[in-house]
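Asks: Below is one structure. I have some questions about it.
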């Protein structure tokens, strides 16, 4: 028995190296995924507003 699913699905997103370098310079490479998740969530909320 493994741990329960967290509802996370892995996906591949191709980004230019320059964008990843900017993210890493600001936050460090270990926070890259969290930054991208938060940015996507904010953009979805912005676009869903009436």
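Asks: Could you give the length gained on full extension between residue 49 and residue 32, defined as 0.36 nm per residue of separation minus the Cα-Cα distance, in nm? All intermediate terms of the calculation are to be shown ahead of the outcome.
Replies: Working: separation 17, 0.36 × 17 = 6.12 nm, distance 2.63 nm.
Answer, rounded to one decimal: 3.5 nm.
Asks: Bin all alpha-carbon pair distances of the chain at 10 Å intervals from 0 and give each bin's fraction as a whole percent.
Replies: 19, 41, 29, 10, 0
Asks: Next question, about the same structure. Add -39500 (n - 2.57) for each DSSP H run of 4 or more in the chain, then divide by its residues: what number comes out at 222 nm, to the nearest 500 deg cm²/dmol?
Replies: Working: 2 runs with 28 residues, N = 50.
That comes out to -18000 deg cm²/dmol.
Asks: Highest first, please rank the peptides 11-20, 32-41 by the mean number of other Cβ atoms sitting within 10 Å of their residues. Kindly include the intermediate steps, with their values, before the conclusion.
Replies: Values: 11-20: 7.4, 32-41: 12.0.
So the peptides 11-20, 32-41, ranked by packing, come out 32-41, 11-20.
The numbers here are math on the coordinates, done by the rules we state, and not lab data. Being a predicted model, the structure only gives us computed values, none of them experimental. A quick note on method: Cβ atoms are made from the backbone with ideal geometry, for glycine too, and the neighbour counts reach across all protein chains shown.
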